[in-house]
Amino acid sequence: MSETRDPRAIRLPAVHHVLATDGGRVAAARFGHEATVGAVRLALSRWREAVTAGGAVAPDPAAVACEAAALLEAESRPSVRRVFNLTGTVLHTNLGRAVWPEAAIAAATLAMRHAIALEFDLETGGRGERDDHVRGLVRELTGAEDACLVNNNAGAVLLVLNALSAGRDAIVSRGELIEIGGSFRLPDIMQRAGARLVEVGTTNRTHLHDYERAVSANAGVILKAHTSNFIVQGFIAAVPATELGALARRHSVAFVHDLGSGALVDLGRYGLASEPTVRDALAEGADLVLFSGDKLLGGPQAGIIAGRKDLVRQVAKSPMKRALRLDKVRLAALEAVLKLYRDPDRLPEALPTLGAFVRPRAEIALAADRLRGVVVAAVGDGFAVQVADCMSQVGSGALPLETLPSAGIVIAPVTRKGGGTRLDALATALRRLPIPVLGRIADGALVLDLRCLDDEAGFVAQLASLELSDDQGGSDALA
Ligand SMILES: *Cc1c(COP(=O)(O)O)cnc(C)c1O
């Protein structure tokens, strides 16, 4: 510490001198005076530390302005950033799930920009209900008597259990006490909803008599939850929904089916595995069906509650509905998405998620062939770059076992020694691109599954700026 300098002896430029430089003026014009002054002060304090510690010389005003501008630039970059989802998981919960169709974006933009008749009946001039905008569509598309909407499907489960089963028994099979991820655990939600959880059966087998024994005068609901993110195989038994529905009716208990993803059309018609539709679940005897807006439906985050009119009314009048209601922007988007379902033949072109599911492997492989060369040029000769088949997933717990034959670019280090570190450095560098590129690491290689790449030009344009460190340790040189 012998070269440490007395802070009082250090002469740094005054703030107003920094602001008076060209760089200072440009920064103030762009980011505002106050923010620029703050950034200049921060830059000066850093210089003071560096000079005090020795080794650095006092900067000139232009250098401080330059640093302040860099700080402001970094701060101004949005935290919510677009990425290229090349993970192979189409509905990736951590990447925002469904991307919206153009019709939904237009409807949402309109609702953001203008006053809208949200809870206003334009015929009578009286008050309307926000859910009216999509109630009819949900009825038409599912056969339900009525519907209401909340923030998401977890909210739908919470609201329905609270409204129909608070202080009463909610009966559910032990095989369906699910955790969805992100700490959504069905038993915890039931508890918070004020319902008493009555578990029946065992993990692998639950029979009708298990439910029969549990249904008492204190029962509020029988809940069936779609085990959407796992599969139990072997010695198993579950009670078909039709039988649960009949049981519930015999005892005047509500039968609620949490479908999770909730397809509105039979995906089999598009060559995908069939997932039970909302219409099927209702036809099988569910009094209420709960499902998400941003999973297979391909729209905005939302929880949709569809089914018996009296029960929907009861749920909708709960005070908790107000706390969970859908905002105008997503409501507008959801209406637009549901309208697309009226023309199922053209749904794959109109709905980006469905378009991604049905994208043929051969078409994806052609994209991989087109892009291989630019990837080779970007990653350099430390990596072998190949076009290869891979498997995409639907994601978000929908169709858990269904994999979609896909193709991608597989990038592997040419030498095994230090390969893992270099692969991590490559993944980091790709994440640091202006539009971060997210792949998946498998078998010592980085796989870029191109199923969801919808902007090849944008992908190519930025690859030239990939900065791969030569240093194997990596991250400093990339910072
Ligand atoms: C995904 C899922 C939920 C939660 O839905 P969100 O819309 O994410 O809140 C609830 N239940 C099941 C069965 C699910 O698959």
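The values are calculated or read from the model by the stated rules, or taken from the named source; none is laboratory data. If you're wondering where the values come from, they're calculated on a predicted model, not measured in any experiment. Virtual Cβ from ideal backbone geometry, glycine too; neighbours counted across all protein chains shown. Just so you know, the surface numbers come from the protein's heavy atoms only, side chains and all, with ligands and any DNA or RNA stripped out. Shrake-Rupley method; radii C 1.70, N 1.55, O 1.52, S 1.80 Å.
Label separation (Glu402 vs Thr202): 3.2 nm, computed from points 7 Å beyond Cα along the C-beta direction. Given R0 = 45 Å, the distance between the Cβ atoms of Glu456 and Ala217 translates into a calculated FRET efficiency of 0.10. Annotation: amide H of Thr403 has no partner in the under-5 Å range at sequence separation 5 or more or interchain, hydrogens built in the peptide plane. Listed by chain and number, the aspartates and glutamates whose alpha-carbon sits under 19 Å from that of Lys328, ignoring those within fewer than 8 places in the same chain, are Glu102, Glu119, Asp121, Glu129, Asp131, Asp132, Asp294. Per-residue extension of 0.36 nm, minus the Cα-Cα distance of Leu463 and Ser274, leaves a gain of 64.2 nm for this segment.
The modelled label-to-label distance for the pair Val358/Ala62, using points 7 Å beyond Cα in the direction of Cβ, is 6.1 nm. Here the alpha carbons of the chain define both size measures, Rg and Dmax, at 28.2, 89 Å. For the stretch 375-451, applying the loop criterion from DSSP together with a ceiling of 16 other beta carbons within 10 Å to the trypsin sites (Lys or Arg not before Pro) yields Arg416, Lys417, Arg432. Normalised per residue, the accessible area of the chain is 48 Å², obtained with a 1.4 Å probe and no contribution from ligands, DNA or RNA.
Within the chain, the longest segment free of exposed loop sites, counting chymotrypsin sites (Phe, Trp or Tyr not before Pro) that fall outside DSSP classes H, G, I, E and B and have at most 12 other Cβ atoms within 10 Å, spans 236-479.
In the stretch 177-285 the Cα-Cα distances spread across 10 Å bins starting at 0 as 12, 41, 38, 9, 1 percent of all pairs. Placing a label point 7 Å from the Cα of Ala442 along the Cα-to-Cβ direction, the residues of the stretch 382-399 with a backbone N closer than 12 Å are 388-394.
Between the alpha-carbon centres of the stretch 117-155 and the stretch 289-304 there is a gap of 15 Å. The mean sequence separation of alpha-carbon pairs under 8 Å and at least six residues apart, normalised by the residue count of the chain, gives a relative contact order of 17 percent.
Between the Cα long axis of helix 102-113 and the first principal axis of the chain there is an angle of about 80°, rounded to the nearest 10. For the chain, the fraction of 1.4 Å probe accessible surface lying on carbon and sulfur atoms is 52 percent.
Could you tell me the distance between the Cα centroids of the stretch 320-396 and the stretch 397-430, to the nearest Å? What the calculation gives is 18 Å, centre to centre.
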